[in-house]
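Worksheet: one structure, shown below.
The values are calculated or read from the model by the stated rules, or taken from the named source; none is laboratory data. Just so you know, these numbers come straight off a predicted model, no measurement behind them. Note that we place each Cβ from the backbone using ideal geometry, even for glycine, and neighbour counts take in every protein chain shown. Note: areas computed on protein heavy atoms with side chains; ligands, DNA, RNA excluded. Shrake-Rupley method; radii C 1.70, N 1.55, O 1.52, S 1.80 Å.
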Amino acid sequence: MSRKEYIPIPPPAPIPEAEPLDAEALKRSYENGEVDIICVMGPTASGKTKFAVQLPKKLNELCQRDGGPLKSAEILSGDSRQVYVGMDLGTGKDLEDYQDIPYHLIDIAPAGARYNICQYQQDFSAAYSDCLQRGVIPILCGGSGLYVEAVTKPEYKMEENQGLNLLLPQKPFYLATVIDRETRRRRIDRRLQERLDAGMVDEVRGLLAAGVSAESLIFYGLEYKFLTQYIIGEISYEYMVERLNIAIHQFAKRQMTWLRGMERDGVAIHWVKPE
């Protein structure tokens, strides 16, 4: 019997090096037309939403100080599940983090619907156009890499939307929040428990009671898949928590893989440390 060749497991890819962000220089780039949207991305639990909220606060201070046509900055969500009304804890909307910063593209579709990327391009175009007309700097905050790329890369314009006069940015500036793996793991574990304690199971029960089908919720994946399977009796609570926790960690890894893939395709991503 021949011996199997030993193939060592490669070490994890190095964490990207974070760089400081000069908000004033970024504002000038937007004013000069070098940038037409700021995109904030990052894996789940990396602090991207809080970072995305802090950024418009800084830009708003600069706009008020400098005067001129730019009035403020607002957030456009790039999350494929936060579009659904009533799906709050499971999608991590964390709307309290936005404080007084206006946001768009959240709670725009009924739970149970099959919202898709074609609709998102249309809805994004309307929100983006509105921001430009009002002198607002648009900040796209995304957890869904495909949604972000669908509105920041011209080649992603869906065939169904080819006949529509959609306004999409052409000069995106990509930021991504980065933290070390161990911190991210701890945050994912803690955040899942916090959301379970806050009533995430009851949220899903309420959606089922309101007529959203179990099939639809399972289709949405992650929290809604495993919580629904638990509620309808397919799996135990302990198994649900275990498998959901693993799935979220795997999802975070896939998000990082997507971001590094964008870099390999030539996209410049500026990695930043969340505050």
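With labels modelled as points extended 7 Å from the Cα through the Cβ direction, what inter-label distance (nm, one decimal) is found for Leu164 paired with Glu242?
Placing both labels 7 Å beyond Cα along the Cβ direction yields 4.5 nm.
Once you have the Cα-Cα distance between Lys157 and Glu215, take 0.36 nm times their residue separation minus that, and quote the gain in nm to one decimal.
Value of the extension gain: 18.0 nm.
How high is the relative contact order of the chain, in percent, with contacts defined as C-alpha pairs under 8 Å that are six or more residues apart?
28 percent
Measure nothing but the geometry: give the 0 to 90° angle between the long axis through the Cα atoms of 48-66 and the longest principal axis through the Cα atoms of the chain, rounded to 10°.
The angle comes out at about 10 degrees.
Find the accessible area per residue for region 98-190; the probe is 1.4 Å, ligands and nucleic acids are left out, and the unit is Å².
Heavy-atom accessible area per residue stands at 46 Å².
Using a 7 Å offset from Cα along Cα-Cβ at Glu17, what residues in region 254-275 end up with backbone N under 14 Å from the label point?
Only 270-272 pass the distance filter.
Given the pairs Lys57/Lys153; Lys58/Lys93; Lys27/Lys71; Lys50/Lys93; Lys48/Lys93, which are separated by over 18 angstrom at their Cα positions?
In this structure, Lys57/Lys153; Lys58/Lys93 lie more than 18 Å apart at Cα.
Tilt of helix 181-197 relative to the longest C-alpha principal axis of the chain, in degrees (0 to 90, nearest 10)?
So the inclination is approximately 70 degrees.
Report, to the nearest 10°, how far helix 200-209 tilts away from the longest principal axis of the Cα atoms in the chain, using its own Cα long axis and a range of 0 to 90°.
90 degrees
Put a dot 7 Å past each Cα toward the Cβ at Glu275 and Arg190; how far apart are the dots in nm?
Computed distance between label sites Arg190 and Glu275 equals 1.9 nm.
Give the relative contact order (percent, whole number) for region 1-154; include only Cα pairs under 8 Å separated by 6+ residues.
Relative contact order of region 1-154: 30 percent.
What percent of all Cα-Cα pairs in region 112-264 falls in each 10 Å bin, counting up from 0?
9, 29, 30, 26, 6, 0
Mind checking the full-extension length gain between Asp197 and Arg65? Use 0.36 nm per residue of separation minus the Cα-Cα distance, one decimal, nm.
That works out to 43.3 nm of additional length.
Report the label-to-label distance for Ala113 and Asp265 in nanometres (one decimal), using points 7 Å from each Cα along the Cα→Cβ vector.
The modelled label-to-label distance comes out at 2.7 nm.
Would you kindly state how much longer the chain becomes between Phe251 and Glu234 on full extension, computed as 0.36 nm times their sequence separation minus their alpha carbon distance, in nm to one decimal?
Contour length minus Cα-Cα distance gives 3.9 nm.
For region 81-161, I need the span (max minus min coordinate) of the C-alpha atoms along each principal axis, in Å, sorted largest to smallest.
34, 33, 19
With only alpha-carbon atoms counted, please give the Rg and Dmax of region 192-275, in Å.
Calculated on Cα positions, Rg and Dmax stand at 16.4, 47 Å.
If the chain were replaced by its equivalent ellipsoid, with semi-axes equal to the square roots of 5 times the Cα gyration tensor eigenvalues, what would those be, largest first, whole Å?
Gyration-tensor ellipsoid for the chain: 32, 25, 19 Å.
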